Amino acid sequence: MTTSRRNQSAMRMLGRQLATARRAAGLSQSGLSAALNLNEETIASIEQGRRSLKPDIAELLDEYLGTKGTLAAGVANLPEVDQFPLWAEEYMDQEREAIALSWYDALVVPGLLQNEPYARAILQNRVPAYPEEKLETTLRLRLARQEILHRKHPPTLSFVIWEPALLLSVGSQEVRRQQLDFLREMTELPCVSLQVLPLSSPFHAGVDGPFTLLETPDHQHVAYTESQRGSQWVSDLDEVSILARKYAMLRTQALTPQDSVGLLDRLLGEQ
């Protein structure tokens with residue numbers, strides 16, 4: 001039943017944020033629990049998304065860990081029900097843990113590389129439209145996923161984007177300009193490789209649609225595909241191999257990372 005899974009996606013995300021802040025402070029779960037006079041199992045359960053983070057504890061953690069109200073704000077905006085179906089929950093769990101991620105997108109900039117105005121414009125174009133509260137919650141959760149880009153030890157991230165995604169003026173021309181500028185900034189991150197497949201390319205290995213490949217900490221390879229009315233979690237080795245070969249071909253067909261940055265600079269110069 002839905003009620004049995006109340007808030008589970010958001011609870012897990014809050015738990016991950018707490019664990020990240022705790023480790024950044026150089027604390028173990030036992031060390032944090034002792035410092036704040038909390039049960040160690042309580043800390044572990046919150047970090048694993050098995051127990052709700054209460055407002056008073058969130059404020060206490062924010063003050064001690066220096067997270068500037070992030071955890072308390074997350075609790076205050078916790079959605080009434082899960083925002084994502086089970087397969088999406090599993091994907092986001094894997095995304096947070098992945099040591100390598102390869103992402104091909106054709107019509108929009110990949111979610112991990114979207115800035116707030118662009119992500120909002122994408123979500124506002126959904127049909128049927130999101131209610132305002134759900135839109136805000138979905139937007140917050142999408143942007144929170146970008147935490148993996150800024151970790152001390154981030155995963156290795158490779159992106160191939162078909163050029164039409166960069167030409168789409170979703171929201172407005174100003175939103176597009178800001179997104180291109182943000183994308184250009186993301187190319188400076190040492191963990192990120194970005195390649196653009198140009199419209200002029202006579203070859204295109206990704207005509208069947210977007211997909212993502214992930215490598216887990218124990219070196220398993222899995223994939224995730226998306227379509228208009230559904231998405232699919234792919235773990236069958238033969239199917240993952242096919243997508244991996246598609247991605248390898250896309251990288252050979254796309255511009256080099258250096259030439260892709262040059263294309264972004266030219267597009268920004270045209271604004």
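The values are calculated or read from the model by the stated rules, or taken from the named source; none is laboratory data. Just so we're clear, the structure is a prediction, and the values are computed from it rather than from any experiment. Here the Cβ is made from the backbone with ideal geometry for all residues, glycine too, and neighbour counts use every protein chain on show. Ligands, DNA and RNA are excluded from the accessible area calculation, which covers all protein heavy atoms including side chains. Shrake-Rupley method; radii C 1.70, N 1.55, O 1.52, S 1.80 Å.
If you filter segment 115-212 for GluC sites (Glu not before Pro), then keep DSSP loop positions with at most 16 other Cβ within 10 Å, what is left? Walk me through the numbers on the way to the answer.
Details: sites: 132, 133, 136, 147, 174, 185, 188; in loops: 188.
Answer in residue order: 188.
Could you state the per residue volume, in Å³, of the convex hull enclosing the Cα atoms of segment 107-183?
Working: hull volume 7.0 nm³, N = 77.
Convex hull volume per residue, Cα atoms: 91 Å³.
Please give the per residue accessible area of segment 128-271, computed with a probe of 1.4 Å over protein heavy atoms only, in Å².
Normalised by residue count, the accessible surface of segment 128-271 is 55 Å².
Take the solvent-accessible surface of the protein heavy atoms, probe 1.4 Å, and return the percent of it on the chain that carbon and sulfur atoms account for. Numbers along the way, then the final one.
On the way: 7370 of 14110 Å².
Within the chain, the accessible surface is 52 percent carbon and sulfur.
Quick one: 3J(HN,Hα) in Hz for segment 192-204, Karplus 6.51/-1.76/1.60 with θ = phi - 60°, rounded, Gly and Pro as x.
10, 10, 10, 10, 10, 8, x, 4, 6, 5, x, 10, 7
Only residues of segment 146-162 count here: report those whose backbone N is under 20 Å from the spot 7 Å along Cα→Cβ of residue 116, or say none.
Label zone hits: 146-151.
Around residue 122, what is the net charge, scoring Lys/Arg as +1 and Asp/Glu as -1 over all other residues with Cβ under 12 Å from its Cβ?
Computed value for this residue: +2.
Across segment 130-271, what fraction of all alpha-carbon pairs, as a whole percent, falls in each successive 5 Å bin from zero upward?
The distribution over segment 130-271 is 2, 8, 14, 18, 21, 19, 11, 5, 1, given as percents.
Report, by chain and number, residues whose modeled amide H sits under 5 Å from the one on residue 25, excluding near sequence neighbours (fewer than 5 apart, same chain).
Those qualifying (amide H under 5 Å, at least 5 residues apart or on another chain) number zero.
Students often get this wrong: which residues of segment 152-190 have the backbone nitrogen under 17 Å from the point 7 angstrom along Cα-to-C-beta of residue 145?
Backbone N within reach: 155-162, 183.
Pull up the DSSP beta bridges for the chain and report the antiparallel fraction as a percent, rounded to 5. Provide the component values of the computation, followed by the final result.
Values: 15 of 27 bridges.
The antiparallel fraction comes to roughly 55 percent.
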